[in-house]
Amino acid sequence: MKEPFSDLLKESSIFKNRAALSPNFIPEHLLFRDKQIDSIVKVLTPSLKGDKGRNLFIYGKTGTGKTSCMRYVLDKVKNISTVRAKISYINCRLHNSRYRVLNKILSDHLPAYAKHGYGTVDIYGKIINWIEEDTKILVVVLDEIDMVTDLDDLIYTLTRANNDMKSGGIVIAGICNNISFKDKLDPRSLSSLYEAELVFPPYNSNELSEILKQRAELGFKKDVIEPQAINLAAAISAKDSGDARLALKMLSNAGELAEEKGEKKITIEDVRDASKNAEEEIAYELVSTLPEHQRLIVYAIAMLTIQGSRYKKLVQGEDTYLFSGEVYDKYVAIINSLKKDPKSSRWYRKYITDLEMQGLVATYESGKGIRGHTKLIKLLYPPAKIRNTIEKGLFNESEAEVKTT
Ligand SMILES: Nc1ncnc2c1ncn2[C@@H]1O[C@H](COP(=O)(O)OP(=O)(O)OP(=O)(O)O)[C@@H](O)[C@H]1O
Ligand SMILES: [Mg+2]
């Protein structure tokens with residue numbers, strides 16, 4: 001009999017350190033981002049020294065290094081003794097409402113209170129008192145800020161706090177990859193959020209090559225990857241989007257393929273094969289980290305796509321388009337079966353817009369004649385795989401809920 005863990009115990013011939021190829025890894029030196037890092041530091045320096053500085057807004061397409069640069073700066077700041085500000089880094093994909101953001105601030109800085117389950121007003125009061133106590137500056141970094149469902153309320157609350165406090169202040173640094181985000185904001189939130197603005201451009205092919213080379217050295221054993229293979233991964237990603245996450249995914253998948261095949265080197269062919277799956281895999285990761293209701297809406301869409309729309313005959317073409325109404329009904333049925341309360345159809349429409357922004361679904365107006373004027377929805381990834389990804393996550397649901405609140 002084969003030793004059960006033999007594959008696990010066998011030393012990899014390709015990888016030296018898989019973690020160095022993961023999207024959460026921050027290299028010691030971030031390439032091609034000196035200017036952006038400098039700008040972040042410049043805008044935040046007054047606040048870090050304890051003055052009320054400007055709010056900052058960072059925008060750039062996915063995989064352009066926004067999160068990495070911000071976390072890099074925050075890591076450096078930790079070790080500087082003259083920094084007086086308190087900092088909360090908040091991933092809004094997890095903390096996606098005003099309540100959750102305020103609660104995260106409380107648990108970062110006043111953990112003893114965070115367990116009490118206070119309401120929004122009390123949490124707000126606690127934070128204000130704490131800031132006033134010794135004239136603190138609180139820097140709140142809101143990463144993936146467009147995921148906050150009641151964002152205007154959140155911005156209003158955080159900026160109003162500055163008027164309510166006798167001393168100290170709150171500075172917001174928002175990060176976002178969604179170009180039409182501005183259109184969704186109340187003009188008042190917009191003007192307070194955009195006091196300083198910073199854009200991260202997509203990487204070109206040469207830049208991606210360098211980024212990949214740096215990570216390949218950390219992640220792979222010596223000389224296992226051919227330079228041409230790195231250049232190909234860079235070129236494919238640059239052509240597609242300039243997304244470093246996609247390029248890295250391609251590289252590590254190519255490594256896995258080479259290892260599976262028992263090859264000694266990662267070749268151009270491995271990269272080519274890996275490129276086919278990298279984008280899909282990123283989509284599945286995205287789906288599994290969506291907030292609960294959006295995830296269940298995607299689940300409803302996947303289920304209906306597999307079963308076929310009830311109104312299929314009304315919609316022309318091979319693809320499965322679903323009616324917005326039937327997706328909502330399905331979502332409500334799923335939520336009910338989980339013994340939870342569904343969101344209203346107004347929220348539902350907002351969520352569909354969010355999912356479209358993230359490239360998971362496409363929507364079309366049906367034009368007159370088909371059941372009046374209605375929206376048609378189409379899933380952009382293979383439905384069975386999306387369904388399986390979500391079902392895998394559903395078993396950990398209750399646990400995930402506890403962690404995110
Ligand atoms: N300049 C860089 N040098 C080295 N690695 C980089 C650089 N920029 C991005 N990366 C790597 O690419 C991946 C994606 O970067 P990051 O998460 O910072 O992108 P992002 O702009 O926040 O994307 P999103 O909008 O999707 O959140 C990470 O693994 C990161 O380490
Ligand atoms: Mg990010």
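Any read-out appearing in this document is the output of simple, stated calculations on the displayed coordinates, not a laboratory observation. The shown structure was predicted, so the numbers you read here are calculated from the model rather than taken from an experiment. Using ideal geometry, Cβ is built from the backbone for each residue, glycine included, and neighbour counts are taken over all protein chains shown.
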### Query
Of the listed peptides 53-66, 182-195, what is their order by residue-averaged count of other C-beta atoms within 10 Å, with the highest listed first?
53-66, 182-195
### Query
Most fluctuating residue of ASN231, ASN177, ASN388 in a GNM of the chain with Cα springs under 10 Å: which is it?
ASN388
### Query
Which helices, counted as full DSSP H runs in the chain, have an axial Cα extent of no less than 27 Å and a Kyte-Doolittle average of -1.0 or above?
268-288
#### Entry: Among VAL148, VAL171, VAL121: highest mean-square fluctuation, GNM of the chain, C-alpha pairs under 10 Å
VAL121
### Radius of gyration and maximum dimension Dmax of region 34-200, Cα, Å
14.9, 43
### Query
So how strong a dipole does the chain carry about its Cα centre when Lys and Arg Cβ are +1 and Asp and Glu Cβ are -1, to the nearest 20 debye?
660 debye
#### Entry: Those lysines that a straight Cα-Cα span of less than 20 Å connects to LYS184, excepting residues fewer than 8 apart in one chain
LYS61, LYS343, LYS350, LYS375
### Message
Output needed: percent of Cα pairs per 5 Å distance bin for region 211-341, bins running from 0 to the one holding the longest distance.
### Response
2, 10, 16, 14, 11, 9, 10, 10, 9, 6, 2, 0
### Order of MET147, MET250 under a 10 Å beta carbon neighbour criterion, fewest first
MET147, MET250
### Summary
Going from the fewest other Cβ atoms within 10 Å to the most, one would list GLU217, GLU365 as GLU365, GLU217
#### Entry: Rg in Å to one decimal, and Dmax rounded to a whole Å, for region 45-131 via C-alpha atoms
14.6, 39
### Only Lys, Arg (+1) and Asp, Glu (-1) charged, at Cβ; region 34-200 dipole about Cα centre in debye
340 debye
### Message
Could you compute the net charge surrounding ARG188? Neighbours are other residues with a C-beta less than 14 Å from the C-beta of ARG188; K and R count +1, D and E count -1.
### Response
-1
### Message
Can you list residues from other chains, or at least 5 along the same chain, whose modelled amide H is less than 5 Å from the amide H of GLY169?
### Response
LYS136, ILE137, LEU138
### Task
With both partners inside the chain, how many of the DSSP beta bridges are antiparallel, as a percent to the nearest 5?
25 percent
### Query
Which of the listed residues, SER275, GLY174, HIS116, is farthest toward the dipole's positive end in the chain, when Lys, Arg count +1 and Asp, Glu count -1 at the beta-carbon?
HIS116
## Note on the structure
Per-residue Cβ contact counts at 10 Å, fewest first, order ARG387, ARG346, ARG215 as ARG346, ARG387, ARG215
### Query
How large is log10 I(q)/I(0) at q = 0.08, 0.10, 0.14, 0.15 Å⁻¹ when the Debye formula is applied to the Cα atoms of the chain, each weighted equally and without solvent?
-0.52, -0.81, -1.34, -1.41
## Note on the structure
Other residues with Cβ under 15 Å from the Cβ of ASN129 give, with Lys and Arg +1 and Asp and Glu -1, a net charge of -1
### Task
Calculate how large, on average over all directions, the projected area of the Cα convex hull of region 15-78 is; give the answer in nm² to one decimal.
5.2 nm²
#### Entry: region 133-277 - Rg and Dmax from Cα coordinates, angstrom
21.8, 66
#### Entry: Of LYS76/LYS385; LYS35/LYS213; LYS78/LYS239; LYS35/LYS136, those spanning more than 32 Å from alpha-carbon to alpha-carbon
LYS76/LYS385; LYS78/LYS239
### Summary
The long-range amide H neighbours of PHE15, using H built 1.01 Å from N in the peptide plane and a cut-off of under 5 Å, are LYS221
